[in-house]
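I have placed the structure first, in the form of structure tokens, so that the comments after it can refer back to it.
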Amino acid sequence: MRHLAAALLMLCALPGAAQDAASGGTGAVLRGLDKVTGKVEDLTLANGDEALLGRLSIVLSDCRYPAENLAGDAFAHLTIREAGTAETVFDGWMIASSPALSALDHARYDIWVLRCTTS
């Protein structure tokens, strides 16, 4: 019960945290894991780009980071779909420091944000 309450408090704090973040990232570095093969792959995407990880299509809309700390926490807005279908399996913000807070729920793949890119 305590964990649920803490998660709800963190969700309430997200809009304020996102407002304090500078939109200056030109892209993001993501890490993907194929849970069946154990293969880990790092993906570097520019804002608006699409990448494939197995059967997943990943589109990065924006990457933001704390205005006072360019090397700090990253907030990336991702849209993830099953390749070949219109089904969206994730559409929202992922946070580098709290990957479980807003995570992709997929049987085979895990994806999380490592950092924003700035140039």
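Since every read-out is calculated from the coordinates, none of them should be taken as a lab result. The shown structure was predicted, so the numbers you read here are calculated from the model rather than taken from an experiment. Here the Cβ is made from the backbone with ideal geometry for all residues, glycine too, and neighbour counts use every protein chain on show.
Look at the dipole of the range 37-119 built from charges on Cβ: of 79, 54, 119, the Cα furthest out on the positive end belongs to 54. Applying 0.36 nm per residue to the separation of residue 68 and residue 46 and subtracting their alpha-carbon distance, the gain on full extension is 5.7 nm. Cα centroids of the range 31-71 and the range 73-119: 7 Å apart.
Estimated at 0.36 nm per residue, the fully extended path between residue 119 and residue 101 surpasses their Cα-Cα distance by 3.7 nm. Our summary gives the range 41-119 a relative contact order of 22 percent, counting only alpha carbon pairs under 8 angstrom and 6 or more residues apart. Between residue 110 and residue 26, the FRET efficiency from the beta-carbon distance, with R0 = 35 Å, is close to 0.90. Each residue of the range 72-78 was assigned a 3J(HN,Hα) from its phi angle through the Karplus curve 6.51 cos²θ - 1.76 cosθ + 1.60 (θ = phi - 60°); the sequence is x, 4, 10, 10, 10, 8, 10 Hz, with glycine and proline shown as x.
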